[in-house]
1. Hey, what's the Kirkwood Rh for the chain if you take every pair of different alpha carbons, in angstrom?
2. Given a Förster distance of 56 Å, report the FRET efficiency between residue 212 and residue 372 from their Cβ-Cβ distance, rounded to the nearest 0.05.
3. What do you reckon, how do 249, 66 stack up by accessible area (1.4 Å probe), largest on top?
4. Please report the carbon-and-sulfur percent of the accessible area for the chain; probe 1.4 Å, protein heavy atoms only, DNA, RNA and ligands left out.
5. Sum -39500 (n - 2.57) across every DSSP H segment of at least 4 residues in the chain, then divide by the residue count to get the 222 nm mean residue ellipticity, nearest 500.
6. Quick one: among 360, 91, 190, which has the greatest mean-square fluctuation in a GNM of the chain with alpha-carbon springs under 10 angstrom?
7. Suppose all protein chains stay in the model; what accessible area per residue would a 1.4 Å probe give for the stretch 112-236, in Å²?
8. Across every pair of different alpha-carbon atoms, what Kirkwood hydrodynamic radius in Å does the stretch 21-108 reach?
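The values are calculated or read from the model by the stated rules, or taken from the named source; none is laboratory data. Bear in mind the structure is a predicted one, so any value in this text is a computation, not a measurement. Cβ coordinates were reconstructed from backbone atoms using ideal geometry, including for glycine residues, and neighbour counts include every protein chain displayed. Just so you know, the surface numbers come from the protein's heavy atoms only, side chains and all, with ligands and any DNA or RNA stripped out. Shrake-Rupley method; radii C 1.70, N 1.55, O 1.52, S 1.80 Å.
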Amino acid sequence: MNIHEYQGKELLKRYGVAVLDGYVAKTPEEAEAAAKKLPGPVVVVKSQIHAGGRGAGRFKDDPNGKGGVRVVKPEAAKEAAAAMLGHTLVTKQTGPEGKVVNQVYVEAGCDIKRELYLSILLDRETSRITVMASTEGGMEIEEVAENHPEKILKVAIDPASGLYPWAARKLAFGLGLEGKQVGTFVKFVTAMYEAYTALDMAIVEINPLVVTGAGEIVALDAKVSFDDNALFRHKDLEALRDDTEMDPKELDAVKNDLNYVALDGEIGCMVNGAGLAMATMDIIKLYGSSPANFLDVGGTANAARVTEAFRIITSDSNVKAILVNIFGGIAKCDMIAEGIVAASKNLSLSVPLVVRLEGTNVELGKKILAESGLAIIPADNLADAAQKVVAAVKKAA
Ligand code: ADP
Ligand code: MG
């Protein structure tokens, strides 16, 4: 789950990470009031969307205009906010369709001396929470990794010992910090690690981390995303979810506890088990079509979940056919078959439906499908199922 910059900063601040003062605003008037509360001489009005590259981004209806992050005099904050709110911001990360800005963050202006990069994430190669730092702040880290990998400093953290002060100091020296800044940085990154572990974050990225004219170190940007599998431990964080930032089908799936990812193909997939779901998408590709979604209904697939899954799949207008691929282990095939029949009737399914069942009570399951009177296309194995569903799509086209 991703959250907005202002929410990320608020959380980080609770753990002692240095951020500037700021206020979120949903209207130009609120932005004006916020700017008045800040010290000046300038404030920064920042579009809040779940994507980076806002500074260099451009508004759709204003191609020659300014970016999604603007440094202005306090009295111009209202106008800057009005130019952002309700408008679609296109950045390198949003894709060409862009994202509508529903709120802005009005933040104190910062006297920037240096822009650095700092993030904490889980490195899958070493299975360690890892701190990454670079002197190349403000640039996308992927670009730095590609062109100047030597400019990325990494510290892998042993979960038993946590982040050692000496390791944090080593990073500080690597970033060219000196004097008092070293201690300030150690405190900063230690607080950030504290927030990362306490809140089960997946990534926290501060880009840029700045050294101010006064020698302070502050987070000027904050990208925070949480490990979805740990969200149950943080009920209060769920309130930070911004439904407008999510694909409506994915949101629906989250609410129904289904693992669903929207894709842009034409074959809706309903599968149990993430591995089988991946294999199903691969084989659809292999036979010349593409999946409209990834969907794992889980090991506890029952009639109700199957119906929910069908509802979400069919709400996607790109879906030209559906492939159900279920291996009945704990979930028995007859139960699944009943769910499929009930769902097809309930939703009066209008696209071809190919079903491959395997596992416990498979014969009974197949019988239920065959006797349902529905035009379900049965398949015997994965390859057969994929070929049949691709053929059904080609025929419909
Ligand atoms: P994004 O990464 O989405 O472009 P940032 O928050 O990193 O957004 O802002 C882009 C740039 O705007 C920063 O690199 C920094 O130079 C400038 N900026 C952001 N916030 C402030 C601030 N409070 N004061 C001064 N400059 C800022
Ligand atoms: Mg940034």
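1. So the Kirkwood estimate lands at 23.8 Å.
2. Here the calculated transfer efficiency is 0.20.
3. 66, 249
4. Taking all protein chains in place, the chain shows 53 percent carbon and sulfur surface.
5. Result for the chain, helices only: -10500 deg cm²/dmol.
6. In the Gaussian network model the winner is 360.
7. Heavy-atom SASA per residue in the stretch 112-236 reads 51 Å².
8. Hydrodynamic radius (Kirkwood, Cα pairs) of the stretch 21-108 is 12.4 Å.
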